[in-house]
Amino acid sequence: MDNPWYTLNNTDGTDTPALVVYPDRAQENIHRLVNSIDRTERLRPHVKTHKSAEISRMMLNAGIKKFKCATIAEAEMLATAGAADILLAYQPVGPKAIRLAGLMQKFPSALFSCLVDHPDAAIHLDHIFEKANNVISVYIDLNVGMNRTGIIPTDALSLYEKCLSLKNVKVVGLHAYDGHLRDEDFDVRTTKCNAAFEPVQALHQAIAQKFNTDLKIVAGGTPTFSIHCKRKDVECSPGTFIYWDKGYEQILKEQHYLHAAVVMTRVISKPADDIICVDLGHKSIASENPLANRIIFVNAPDLQPKGHSEEHMTFQTSAGNHYKVGDVLYGVPFHVCPTIALYDESIVVKEHEVTGRWSNVSRMRRITV
């Protein structure tokens, strides 16, 4: 029988905990994404999940030219990898605006843009880019129900008009992130997504009629990708698809991607006959979810989380179990994006062999700029 896809032939040389990625499976996920939309140019994937130049180049080679990111470091990683169109999906305030101007100076051939949702932020950007002798393209960030950032669409027309008066700020589009829509029932999620998108469309039409301007629209993330991808003129920004995780696998039944990253850990202790402890602490797996929803081991699905601390994670198992100190376990994170951010590098595995290491370079807040 062939070994399961996630196993390493020789684990002795790989210390744990370790983040292990499988490029062949990631490549298949890119292929599935491209085939799920009518035009590749409508894809603007978010790089917060993988944070690596290697994966970014795989997407570029697949014909994906536009990207979205959340930090200056992620934007710099993309520019270094050769991306031509980079949207910083964040409203830069304070020094971040200065860093963005510096990034544009360092990579003049790349098209950079960012979000804005308040006149004060727009004025700040205008001052920074006037000093830099440059113009920053912006997307108006719309609050479509998540209540995290953005301006209410019905209030956004005045912000657009304010931006028109600024010489160094150019509005090129609208941005609407509806990450709060995660209903497992696809029909329910679709109904909510369409309702949240209606005021975005209304604003888009109002600007087009009043100013004869056809703004771009960037909408959604992974949970609503299957809905927004059907809107012919909307750019879509899934991110988790590249490595996939257990959380979205359970919720998004209509999306079919492969797990392409696991966390490898070892049993380090058996403090009781029915308890094992592994070297997988808060520093090694995303821990914002309840204890039961942090990791599922593909080669030990029976284990039930019992406790979690900085360097340890304990699991309940049956008395007289077969687990031994030193056993290797492979786990799929419930939330892969913040898990990736915990690791400086990924162990690259092809056909069960370690073939190299990738730097998760943009997990850092600063690379050079």
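The values are calculated or read from the model by the stated rules, or taken from the named source; none is laboratory data. Small disclaimer: the values here were computed from a predicted structure and weren't measured. Note that each Cβ is placed from the backbone with ideal geometry, even for glycine, and that neighbours are counted across all protein chains shown.
Filter the range 129-146 for residues that are part of a loop (DSSP other than H, G, I, E, B) and touching a strand residue (DSSP E or B) at 6+ places or on another chain (Cβ under 7 Å); which is nearest to G220 (Cα to Cα)? Spell out the reasoning first.
Going residue by residue through the range 129-146, those that are part of a loop (DSSP other than H, G, I, E, B) are 132-135, 143-146.
Subsequent filtering for residues that are touching a strand residue (DSSP E or B) at 6+ places or on another chain (Cβ under 7 Å) retains 135, 143-144.
Values: V135: 26, N143: 12, V144: 10 Å.
Looking at the filtered set, the residue picked out is V144.
Would you confirm whether any residue within the range 42-53 is in a loop (DSSP other than H, G, I, E, B) and among the aliphatic types (A, V, I, L, M)? The answer is yes; a qualifying residue exists. Looking across the range 10-42 at every residue that is closer than 14 Å to I64 by Cα and acidic (D, E), the one that is surrounded by the most Cβ atoms within 10 Å (Cβ to Cβ) is identified as E41. Selection over the range 226-241 of residues that are over 20 Å from I55 (Cα atoms), assigned to a helix (DSSP H, G or I) and not aliphatic (A, V, I, L, M) gives a count of 2.
Please go through the range 308-326 and pick out each residue that is without any contact (Cβ under 8 Å) to a residue 12 or more places away in the chain and under 29 Å from the mean Cα position of the chain (by Cα).
Taking the range 308-326 first, the residues without any contact (Cβ under 8 Å) to a residue 12 or more places away in the chain are 322.
Of everything in the range 308-326, nothing turns out to be without any contact (Cβ under 8 Å) to a residue 12 or more places away in the chain and under 29 Å from the mean Cα position of the chain (by Cα).
For the condition closer than 23 Å to N360 by Cα, modelled with pLDDT of 95 or more, in contact with a Leu (Cβ under 7 Å, 6 or more places away or on another chain) and assigned to a helix (DSSP H, G or I), what is the one hit in A75, A97, A122? Outline the logic, then answer.
On the way: A97 fails: closer than 23 Å to N360 by Cα; A122 fails: closer than 23 Å to N360 by Cα.
It is A75.
Please go through the range 97-150 and pick out each residue that is of a type in the set (D, E, K, R), surrounded by 16 or more Cβ atoms within 10 Å (Cβ to Cβ) and within 21 Å of L174 (Cα to Cα). The answer is D117, D126, D141. Within the range 286-296, does at least one residue satisfy the condition of being buried (at least 21 other Cβ atoms within 10 Å of the Cβ) and within 16 Å of the chain's Cα centre (by Cα)? Within the range 286-296, one or more residues are buried (at least 21 other Cβ atoms within 10 Å of the Cβ) and within 16 Å of the chain's Cα centre (by Cα). The single residue among K216, K170 that is over 20 Å from R39 (Cα atoms) and basic (K, R) turns out to be K170.
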